[in-house]
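Notes follow once the structure below has been shown.
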Amino acid sequence: MMAQYSKVRFSQDMKIKFILPALTEAHGQFWRPIKYSLFPPLGLATLAGYLNNSDEAVIQDEHVEPLNLNDSPDLVVIQVYITSAYRAYEISDHYREKGITVILGGLHVTALPNEALQHADSIVLGPAEKIWGEVLDDFRNNRLEKIYFSNLRTLKNQPPVRRDLIKREFYLVPNSLVISRGCPHSCDFCYKTSFFRGGKSFYTYTTDQALSEIEILKGKHLFFLDDNIFGNPALAFSLFSEMKGMGRVWQGAATVASLQNRKLLQVAADSGLKSLFIGFETLKQEGLARHNKQHNRTGEYEKVIKTLHDYGIMINASFVFGLDQDDPSVFRATAEWAIAKGIETVTFHILTPYPGTPLYQRLEKQQRILHHDWNLYDTRHAVFRHPVMSSEAIEAGYQNAYSYFYKWTSILKSAAKKEKLLSAGRHIAYTGGWKKAEPVWNFLIRLKRLNQAVPPLERVLKGYD
């Protein structure tokens, strides 16, 4: 049953344009079109849900299509991340020169509001949902304020996401959804502290709301983009219990700590869980403690990995390089450890002190921040002074770790850790498909036929059970 919702109604209709500018790395040396063609901009589609039915709206994602900057909407709304900040400001300045009102919001705007205000008519700080109706009302009545902030944190009475504005053919995973905001934890390198300041930093849909989102999504595959889909165990258990028998295959993200709940993991597997992103971050417990990630226990890593693999759940393991405890051996050692544990895919990052985070404040106080070129705050560059390694050494080690893990010999070695031959084949198909099929991905993207890859993805995720 669809959840009931409330929405401010206006007499004056308007044309509104939502823009997700391209991240700088989307045009850099390591540009992979498929990586930036995975998920549609759900945040913008969520805000579009607050418009009147008679309003005209469009969402443009610069990662998947060229922007049309020759139009003249009544209002432009731009979502800003740190490495899209300069591009967002460029787009905003362009529209404002034409006399068009621009509102900026997002993680970077919340972290550095004074910077963003130089390029916007108005900014929204933190989660926008519960203030967005007021923003629209003020704009229509010519009383738009410079800054908006809401400390009301709830997803109650949330209007449906405007999925009709999403160009599904441009994305491999159009069936992505978010049923919570924030995270129960507070790692010091995460934007959570600044973005959710002044209100609750973790809150969720009800089970009925989540189910209503799922029911409208066609096909079998789902991807939960929540920071931790197990963050509210009661909600997760209720939702996964309801999903059993739906025939879905789904992916999401979780923490090592949350996976200790075997009863919850069992019902998740029964409901179609096939792949999890897990922030292991480092193999050194002291490194985790330094960054307020005590809920991770390195001694539990191997048990969690084995348990997930026993359930047929693949792992995308996230690691961060450049912790103070790291030395030049960390890159190869981490990659070799992941290979030895049969992990299917990894995501490596270089520790990045985002503005507004406790990590940034600590490194700034220690005078270790090297520069403020936001284009380089992409987790591929070392932007702070490390105790024992140069920035060049960290960046080279990061690239070498990626190259080593995704060599065919490494993929085969990792797949060989599986107890069943069919599981090894699934591992090779999934990892090889993600990293070794670039020409195929690029061909499908050019033809706007990424949706044709969804059935094979579903088949590989489902496995051979």
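Test of understanding: express the Cα radius of gyration of region 1-152 as a ratio to 2.2 N^0.38 Å, with N the residue count.
Ratio of Cα Rg to 2.2 N^0.38 Å: 1.03.
For the chain, what is the calculated [θ] at 222 nm in deg cm²/dmol (nearest 500), taking -39500 (n - 2.57) for each run of four or more DSSP H residues and dividing by its residue count?
-10000 deg cm²/dmol
In whole Å and largest first, what semi-axes does the C-alpha gyration tensor of region 137-204 yield when each eigenvalue is scaled by 5 and square-rooted?
The answer is 24, 23, 13 Å, longest axis first.
Using the Cα gyration tensor of region 311-410, with a ≥ b ≥ c the square roots of its eigenvalues, what is the shape: rounded (a/c below 1.5), prolate (a/b larger than b/c) or oblate (neither)?
prolate
Given points 7 Å out from each Cα along the Cα-Cβ axis, report the residue 298 to residue 167 separation in nanometres with one decimal.
Distance between label points: 4.6 nm.
If I ignore ligands, DNA and RNA and count only protein heavy atoms, how much of residue 389 is accessible to a 1.4 Å probe, in Å² to the nearest 10?
For residue 389, solvent-accessible area is about 10 Å².
So how strong a dipole does the chain carry about its Cα centre when Lys and Arg Cβ are +1 and Asp and Glu Cβ are -1, to the nearest 20 debye?
Dipole size: approximately 1300 debye.
What figure in square angstrom, to the nearest 10, would you give for the accessible area of residue 441 with a 1.4 Å probe?
Spelled out: residue 441, probe radius 1.4 Å, area about 40 Å².
Could you give the radius of gyration (one decimal) and Dmax (whole number) of the Cα atoms in region 72-117, in Å?
Taking only Cα atoms of region 72-117, I get Rg and Dmax of 10.1, 29 Å.
With a 1.4 Å probe and all protein chains in place, put 218, 407, 200 in order of accessible area, largest first.
I get 218, 200, 407, largest accessible area first.
Note the listed values [x] 0.97; [y] 1.17; [z] 2.21, then indicate which one is Cα Rg over 2.2 N^0.38 Å calculated from this particular structure.
Of the labelled values, this structure produces [x].
Hey, if we sort 428, 369 by accessible area with the 1.4 Å probe, largest down, what's the order?
These residues rank, largest area first, as 428, 369.
Please list 17, 418 from largest to smallest accessible area, probe radius 1.4 Å, with all protein chains kept in place.
Ranked from most to least accessible, the order is 418, 17.
For region 342-392, take the alpha-carbon Rg, divide it by the Kirkwood Rh, and send me Rg/Rh.
Checking Rg against Rh, the ratio lands at 1.04.
Calculate, in whole percent, how much of the Cα-Cα pair population of region 92-185 lies beyond 15 Å.
Counting pairs separated by more than 15 Å, the tail of P(r) holds 69 percent.
Along its principal axes, what span do the Cα atoms of region 260-337 show, with the longest given first and each in whole Å?
For region 260-337, the Cα spread along each principal axis is 41, 24, 16 Å.
Grab the alpha carbons of region 139-251, take their convex hull, and tell me the volume per residue in Å³.
158 Å³
Roughly how many Å is it from the Cα centre of region 393-465 to that of region 209-247, as a whole number?
Cα centroid of region 393-465 versus Cα centroid of region 209-247: 25 Å apart.
Taking Cα centroids, how far is region 146-173 from region 51-88 in Å?
14 Å
Specify whether the C-alpha gyration tensor of region 123-163 places it in the rounded, prolate or oblate class, a ≥ b ≥ c being the square roots of the eigenvalues: rounded for a/c under 1.5, otherwise prolate if a/b is larger than b/c and oblate if not.
Judged from the Cα gyration tensor, region 123-163 comes out oblate (a/c at least 1.5, b/c at or above a/b).
Over the Cα atoms of region 360-455, each weighted equally, I'd like the Debye log10 I(q)/I(0) at q = 0.10, 0.19, 0.22 Å⁻¹, rounded to two decimals.
Those come out to -0.50, -0.94, -1.05, one per q.
Nearest 5 percent is fine: what portion of the DSSP beta bridges confined to the chain is antiparallel?
That works out to approximately 10 percent antiparallel.
Report the dimensions of region 422-465 along its three principal axes from the alpha-carbon atoms, largest first, rounded to Å.
Reported extents, whole Å, longest axis first: 33, 18, 8.
I'd like the FRET efficiency for residue 449 and residue 74, computed as 1/(1 + (r/R0)^6) with the beta carbon distance as r and R0 of 30 Å, rounded to 0.05.
0.30
Restricting to region 152-297, what percent of DSSP beta bridges are antiparallel, rounded to 5?
Roughly 25 percent of the DSSP beta bridges within region 152-297 come out antiparallel.
Please report the accessible area of residue 421 (heavy atoms, 1.4 Å probe, ligands and nucleic acids excluded) in Å², nearest 10.
Spelled out: residue 421, probe radius 1.4 Å, area about 150 Å².
Mind jotting down a quarter of the surface of the convex hull over the alpha carbons of region 214-314, in square nanometres, one decimal?
Orientation-averaged projected area of the Cα hull: 6.3 nm².
Where Lys and Arg each count +1 and Asp and Glu each count -1, what net charge lies around residue 47 among other residues with Cβ under 10 Å from its Cβ?
0
Quick one: Karplus J couplings for region 286-295, per residue in order, coefficients 6.51, -1.76, 1.60, θ = phi - 60°, nearest Hz, x for Gly and Pro?
With coefficients 6.51, -1.76 and 1.60, one gets 5, x, 5, 5, 4, 10, 6, 10, 5, 5 Hz.
The values are calculated or read from the model by the stated rules, or taken from the named source; none is laboratory data. Values in this document were obtained by computation on a predicted structure and should not be read as measured data. Virtual Cβ from ideal backbone geometry, glycine too; neighbours counted across all protein chains shown. Side chains are part of the model used for accessible areas, which takes the heavy atoms of the whole protein and leaves out ligands, DNA and RNA. Shrake-Rupley method; radii C 1.70, N 1.55, O 1.52, S 1.80 Å.
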